[in-house]
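Enquirer: Here you go, one structure.
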Amino acid sequence: MRKFYDHYNAQCDTDTETYENKTGPWRKLPSYNRSIKHATGGIYISKLIQAKARLFTRSVNEQGATFEYVAFFNKEEKICICLFQPGHLLEGAPGHVHGGAIATMIDTVTGTLAGYLSGPSVTANLNINYRSPVPLGSVVIIHCALDRIEGRKTFITCKVTSTDESKVYTEATVLFVSIKLGSLFG
């Protein structure tokens, strides 16, 4: 995982305080808390909410037990790459990752991409095709790319592969709908 992290991180020149990209097409995305403040228009929502909550994928203190990941966003290419290493608490079938954990990661990463491209959005449809089980502890790459934007709808494709991309574990299409700020507050 470190090799791939170093590869993408080297393409970023990011201020670690603001996560603002100084040069280059790639940006390392924060995964420890809500990424909404980094989405288009999200800084205003973040100030209104004043949440200190972490993403639930980061709510377990035991390192390596659940969702270990880092994501990188390329605004020019409208893609997001996530390096994901599932821990032992994500087991479904013996020795393999639970499909719900894979779905969680797909929704998290594609949702982050949708937020960066279209502003605050919610998942309207998540269609997943599981091709092969993911072994626990293995490192996989989640590739997400913008398919198209139609008004308030953002369509994203996603696939989960082995690090050498020779094995496709999962493929997905996701539809997000941009929302108005007021709808977040009831």
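The values are calculated or read from the model by the stated rules, or taken from the named source; none is laboratory data. Owing to the predicted nature of the structure, the values given are computational and were not obtained by experimental measurement. For neighbour counting, all protein chains shown are included, and Cβ atoms are generated from backbone atoms with ideal geometry for every residue, glycine included. The protein model used for the area step is the full one, side chains on, heavy atoms only, and it has no ligands, DNA or RNA in it. Shrake-Rupley method; radii C 1.70, N 1.55, O 1.52, S 1.80 Å.
Enquirer: Rounded, prolate or oblate: which one fits the stretch 98-186, using the alpha carbon gyration tensor with axes a ≥ b ≥ c (rounded when a/c is under 1.5, else prolate when a/b beats b/c, else oblate)?
Expert: In terms of gyration-tensor shape, prolate.
Enquirer: Another question, if that's okay. Quick one: accessible surface of Glu91, probe radius 1.4 Å, all protein chains present, in square angstrom to the nearest 10.
Expert: Here the accessible area works out near 90 Å².
Enquirer: So how do Arg148, Arg131, Arg2 rank on accessible area, 1.4 Å probe, biggest first, that is with the largest at the start?
Expert: Arg2, Arg131, Arg148
Enquirer: Here's something else I'd like to know. Once label points are set 7 Å from the Cα along Cα→Cβ at both Lys180 and Ser162, what is their separation, rounded to one decimal in nm?
Expert: About 5.0 nm, to one decimal.
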